[in-house]
Amino acid sequence: MRVLVTGGAGYIGSVMVRMLADEGHDVVVLDNLSRGHRRAVGGVDIAVVNLEDLSAVTETCRAFQPEACLHFAARSLVAESVAEPLAYFRTNVGGSLNLVGALLETDCDLMVFSSSAATYGIPEGSPIVEDAETAPINPYGVSKLMFERILKWLSEAGSLSYVSLRYFNAAGADILHDLGEDHDPETHLVPRVIAAALGTEPSVSVYGTDYPTPDGTCVRDYIHILDLARAHLLALDYLSSGGPSAVFNLGNGNGFSVKEVIDVVGRVSGREFDIVNAERREGDPSILVASSELIKSRLAWKPEFADLETIIETAWQWHSRHPDGYG
Ligand code: UFG
């Protein structure tokens, strides 16, 4: 199948691109390389294009004639979205509209969209089911929910079919293809703890120790990027065999606290490092754990690397080999 992967130079997108290529798909990456890494794309064709540039996006679609699109490209920093909401709506909503317009013009009507647990805001129950209330508390979460709604209306009008995957906390590395997590700035817990263990950062901060959780620190659902990417392959098969549009959570269904993640990094690395208790980070829900029952039953997905030690072991291996990331 000819598959366009937007954001294919990013952390999750790059893993997806290699998995698609290994499965024999014909892949083109569309990425502006603002946060992604050319090295992560390997030998796969890349169009260095900004989603906000409608004519360049249209040109890329016309030249490649994709049959399906996996849409990863987005701005994805929650705090930055609060400071710069316009940029987030321009890219994540405006850019995505450009993309979908160009795809429809070239008769491509299948999309897998990278959505987020941020669409739920502060959830009432745990684990979170897909029909829980969506009440995002930052522009990033709103932008993801807005585009989900746009896709829903397009689907109801018969223009396209889509699967929206609401990711929980992506973590780990693709050791086979030597791909890992390298954001600038890095805000995510796992790479920050690893940086402290490697000594590239002086310490790791724990943002809040007074949450209503067993050890007082926030609980998250960590999912290995290979499990996450494989869910997209299944979604692609589902859509291309005529499956109706759907929204699925994508997590392991197991919660781990910030302290537990730090302990596991300590054990896996065998290193000692400084841990500093800090203030809560604004807008962090205390517990975010997915119910992934729907994707398990509808797409026969199941995580292969559900265990936190394995997830962190792969991240540790990659970061030890690449202490400066992609450099
Ligand atoms: N944390 C620390 N110290 C750090 C970094 C993070 O204590 O140095 C804590 C955070 O406060 C949070 C947990 O570790 O409680 C996980 O934080 P991450 O930044 O790794 O991930 P988030 O859960 O904040 O973010 C994820 C996705 C976002 C999505 C968000 C929804 O990465 O894309 O969930 O709330 F928007």
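I'd like to check something: does the range 254-267 contain any residue that is within 14 Å of ALA315 (Cβ to Cβ), in contact with a helix residue (DSSP H, G or I) (Cβ under 9 Å, 6 or more places away or on another chain) and away from the ligand (no atom under 14 Å from the Cβ)?
yes
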Determine if the range 86-107 includes at least one residue that is assigned to a strand (DSSP E or B) and over 15 Å from PHE72 (Cβ atoms). no
State yes or no: is ILE262 modelled with pLDDT of 95 or more, at negative phi, surrounded by 14 or more Cβ atoms within 10 Å (Cβ to Cβ) and under 20 Å from the mean Cα position of the chain (by Cα)? no
Since GLY125 meets every condition but one in (1) among the small types (Gly, Ala, Ser); (2) away from the ligand (no atom under 14 Å from the Cβ); (3) under 21 Å from VAL5 (Cβ atoms), which condition does it not meet? (3)
Which of the numbered conditions does VAL17 fail, given that it passes all the others? Conditions: (1) touching a helix residue (DSSP H, G or I) at 6+ places or on another chain (Cβ under 9 Å); (2) more than 21 Å from ILE175 (Cα to Cα). (2)
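Take the residues of the range 270-297 that are touching a Leu at 6+ places or on another chain (Cβ under 9 Å) and more than 16 Å from the ligand (Cβ to nearest atom): which is nearest to GLU130 (Cα to Cα)?
So the first thing to find is which residues in the range 270-297 are touching a Leu at 6+ places or on another chain (Cβ under 9 Å), and the list is 271, 273, 290, 292, 295.
Keeping just the survivors that are more than 16 Å from the ligand (Cβ to nearest atom) gives 271, 295.
On the way: ARG271: 39, ILE295: 10 Å.
Going through the qualifying residues, I end up with ILE295.
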Among the residues listed as THR106, THR6, the single one being of a type in the set (Val, Ile, Thr), surrounded by 15 or more Cβ atoms within 10 Å (Cβ to Cβ) and out of contact with any Leu (no Cβ under 9 Å at 6 or more places or on another chain): THR106
Answer residue from the range 159-204, given it is surrounded by fewer than 17 Cβ atoms within 10 Å (Cβ to Cβ) and hydroxyl-bearing (Ser, Thr, Tyr) and is farthest from the ligand (Cβ to nearest atom) among those: SER159
Suppose the filter is in a loop (DSSP other than H, G, I, E, B), at pLDDT 95 or above and farther than 25 Å from VAL247 by Cα; does GLY8 pass it? no
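The values are calculated or read from the model by the stated rules, or taken from the named source; none is laboratory data. Quantities reported herein were computed from a predicted structural model and do not represent experimental measurements. Cβ coordinates were reconstructed from backbone atoms using ideal geometry, including for glycine residues, and neighbour counts include every protein chain displayed.
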